[in-house]
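The values are calculated or read from the model by the stated rules, or taken from the named source; none is laboratory data. Because the structure is predicted, anything quoted here is derived from the model rather than measured. Here the Cβ positions follow ideal geometry from the backbone for every residue, glycine too, while neighbour counts run over all protein chains shown.
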Amino acid sequence: MQQYDFKYFFLKYKKRYLLGVVWLALVDILQLIIPQILRLFTDDLQEGLLDGAGLVRYAFFIILVAGGTAFFRFLWRLYINGTARKLERDLRNDLYSHLQRLSPSYFQHQKTGDLMAHATNDINAIRRATGPGVVMLADAILLTIATIAILIFTIDIRLTLMALIPLPFISLVSVHFGKIIHKKFKSVQEAFSNLSDKAQENFSGIRVVKAFAREKKEVERFEVSNKNNFLRNVDLIKTWGLFRPLVQFFSGLSFLVVIWYGGRLVILRTISLGDFVAFISYLGMLTWPMMALGFVINIIQRGRASLDRLNAIFAEEPDIYDFPGTDFDISELRGEITFDDLTFSYSKDDETVLQDINLEIAAGDTVAFLGRTGSGKSTIARLLLRMYNTDPGEIYLDGHDIREVPLRVIREEMAYVPQDNFLFSTTIAENIAFHDPETPREKIEQAAREACVYKNIKDFTHGFDTILGERGVTLSGGQQQRVALARALIKRPKILMLDDSLSAVDTKTEEEILQNLESIMAKRTTILIAHRISTIKNADRIFVLDRGQIIERGDHESLLEKEGLYYDIYQKQLLEEKLEES
Ligand SMILES: Nc1ncnc2c1ncn2[C@@H]1O[C@H](COP(=O)(O)OP(=O)(O)OP(=O)(O)O)[C@@H](O)[C@H]1O
Ligand SMILES: [Mg+2]
């Protein structure tokens, strides 16, 4: 189990961080030199020691220091902020591959939005702690200590102590306001994402909006969201507006002390005018580290909290995995399936979805499951794919308990056309060749022919290179189903499962597809799940499910003879067909 802490991050790139802090210290040292130049300059000026060459010399020094500052500032940004970006990249990769390992049930209990928030906000917070946070902390420590030491040793200890009194308040103000500003900033972000979600949903559902003539209402709803976004932004501006002047107020107090007390010292000739000028400019340099100290406390706190949240995700383990020591040869899978007293519920608190299921499917058979909605048909498919765990001894593949068959074998040897088939926003060819992007084009086209969708695809201007999804073509329901079918067929699976995958296809095309399947799947196992009897009537065996139990089984003819649920469904569908025809 991978768990992270800040120490790990810093150690991982310790050389870069160390160098970064060195560059940062160099910048600070150069910055601290400037007031010294000013001081010498003022004293020389006052005592009339300066001529033209002297001015040029001072100007040259200042340019040199400024150039050095710029150079080293560039370096520390690269070394510290750049390293934080590296950490961000590593962490995001780790998170993504960890999430890919987790079982479907994990995603079922997680909102996609929450996961996205972890991947963006939490990782950002960690980046801020490991980048700007480090800079601020190092700056706050280095600059504060160095400045105060210089002031005490080179100018005047009493003046220094008095001038410092108001400064800690700057840190307090920035801790306090930092928290408030962060909260308000988040609320601005929320308001904005709410706004864009609303707009996005509206655009995706624009057909529904138009069909129900809801445009005006939608505009009103948008205006409310937009106003909310505006108000929260104004609120944030107000807080910022208060924060800056407050910081300036406290640093102004410091200057007040210096002008009043320091001015007297100059008049009394205890310190020189140059000392006074240098002091003022050092004091100005202390405002930032004081603010930084306040910010850094918040940044580290937030980084910690985010790290805890991410660690909680990293602590999740997939509940479906290969048992150690399972040794299984792919070529062994013949496609024989046995259910032995299978009883299943999605979780302990949920009700039983499947009960006492007993059946055997010989390799090469075509069987079908029929039943009302919610009777457990899709659940059977999901269990065969090992998306959920079953108890030992409930499902066997080729005589092996399914729990002992490696996931790789199951997922490679089976193909599944899910009921809510999902196509990716890429080309049709890539969607069909999803299991292996290297698949040659002829094979892709062949699969499309088998799924009876070849002609449809060829009719698009870009044919198989047509992009699907938001920025591309929207396929009709039946076309989607057939593309998803092609994606499954191209794998030439030992076991093929179609979950209501022909429901949006007309009966004539359906018949053609089923005929194709018959020859492709002659020696392979096919499991058909359907509502429509036309889809399944030729299956070797049909299981009728009702509320999680198999209540009838047999082939089409024998089931009709029983005059049970199957017969009822059949009669109803005949009637529907007649009504449609008339
Ligand atoms: N992930 C899940 N977690 C908890 N309960 C679930 C889950 N998926 C399905 N169910 C429940 O299990 C029961 C069977 O669902 P299933 O999807 O297997 O039905 P189905 O026969 O495929 O229905 P349909 O014909 O509508 O597709 C339903 O009561 C459903 O509410
Ligand atoms: Mg279903």
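Tabulated data for the structure shown
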read-out: Of all residues making up the stretch 232-277, the number that are touching a residue at least 40 places away in the same chain (Cβ under 8 Å), over 24 Å from Ile170 (Cβ atoms) and surrounded by fewer than 16 Cβ atoms within 10 Å (Cβ to Cβ); value: 2
read-out: Residue within the stretch 341-351 that is more than 16 Å from ligand 1 (Cβ to nearest atom), at pLDDT 90 or above and farther than 30 Å from Leu167 by Cα present; value: yes
read-out: Leading residue by the ranking (nearest to ligand 2 (Cβ to nearest atom)) among those in the stretch 102-145 that are free of Cβ contacts under 8 Å to residues at least 24 places away in the same chain and not in a helix (DSSP H, G or I); value: His109
read-out: Candidates Tyr13, Tyr58 - the one that is in contact with a Ser or Thr (Cβ under 6 Å, 6 or more places away or on another chain) and among the hydroxyl-bearing types (Ser, Thr, Tyr); value: Tyr13
read-out: Subset of the stretch 48-87 that is in contact (Cβ under 8 Å) with a residue 40 or more places away in the chain and over 26 Å from Gln31 (Cα atoms) - its residue that is surrounded by the most Cβ atoms within 10 Å (Cβ to Cβ); value: Leu87
read-out: Flag for Leu115 being farther than 18 Å from Pro35 by Cα and not assigned by TED's automatic domain parsing to the domain that holds Arg302; value: no
read-out: Condition broken by Phe543, with the remaining ones in (1) aromatic (Phe, Trp, Tyr); (2) surrounded by fewer than 17 Cβ atoms within 10 Å (Cβ to Cβ); (3) within 44 Å of the chain's Cα centre (by Cα) satisfied; value: (2)
read-out: Selected residue (criterion: surrounded by the most Cβ atoms within 10 Å (Cβ to Cβ)) from residues of the stretch 3-47 that are among the polar types (S, T, N, Q) and within 24 Å of Ile271 (Cα to Cα); value: Gln31
read-out: Count - residues of the stretch 352-381 that are among the small types (Gly, Ala, Ser) and more than 7 Å from ligand 1 (Cβ to nearest atom); value: 5
read-out: Candidate set from the stretch 506-523 (those that are under 20 Å from Glu580 (Cβ atoms) and touching a Lys or Arg at 6+ places or on another chain (Cβ under 9 Å)); member that is surrounded by the fewest Cβ atoms within 10 Å (Cβ to Cβ); value: Thr507
read-out: Flag if Pro324 is closer than 23 Å to Glu412 by Cα, loosely packed, with under 13 Cβ neighbours inside 10 Å and outside the structural domain of Arg492 (by TED's automatic domain parsing); value: yes
read-out: Restricting the stretch 371-410 to residues that are within 16 Å of ligand 2 (Cβ to nearest atom) and among the β-branched types (Val, Ile, Thr), the residue that is modelled with the lowest pLDDT; value: Thr373
read-out: Single condition Ala368 does not satisfy, out of (1) closer than 20 Å to Ser103 by Cα; (2) touching a strand residue (DSSP E or B) at 6+ places or on another chain (Cβ under 8 Å); (3) of a type outside the set (Phe, Trp, Tyr); (4) within 16 Å of ligand 2 (Cβ to nearest atom); value: (1)
read-out: Scope the stretch 201-220; condition under 25 Å from Gly469 (Cβ atoms), exposed (fewer than 12 other Cβ atoms within 10 Å of the Cβ) and of a type in the set (A, V, I, L, M); matching residues; value: Val208, Ala211
read-out: All positions within the stretch 265-320 that are charged (D, E, K, R), under 30 Å from Leu102 (Cβ atoms) and not in a helix (DSSP H, G or I); value: Glu316, Glu317, Asp319
read-out: Cross-chain or 6+ apart pairs with Cβ under 7 Å, the stretch 338-354 first and on the phi > 0 side of the Ramachandran plot, then more than 9 Å from ligand 1 (Cβ to nearest atom) and assigned to a strand (DSSP E or B); value: Asp341/Asp356; Asp341/Asn358
read-out: Members of the stretch 512-522 found to be closer than 28 Å to Leu397 by Cβ and either among the hydroxyl-bearing types (Ser, Thr, Tyr) or not in a loop (DSSP other than H, G, I, E, B) (or both), listed by number; value: Ile513, Leu514, Gln515, Asn516, Leu517, Glu518, Ser519, Ile520
read-out: Selection count where residues are closer than 24 Å to Glu404 by Cα and either among the charged types (D, E, K, R) or free of Cβ contacts under 8 Å to residues at least 24 places away in the same chain (or both), scope the stretch 301-322; value: 4
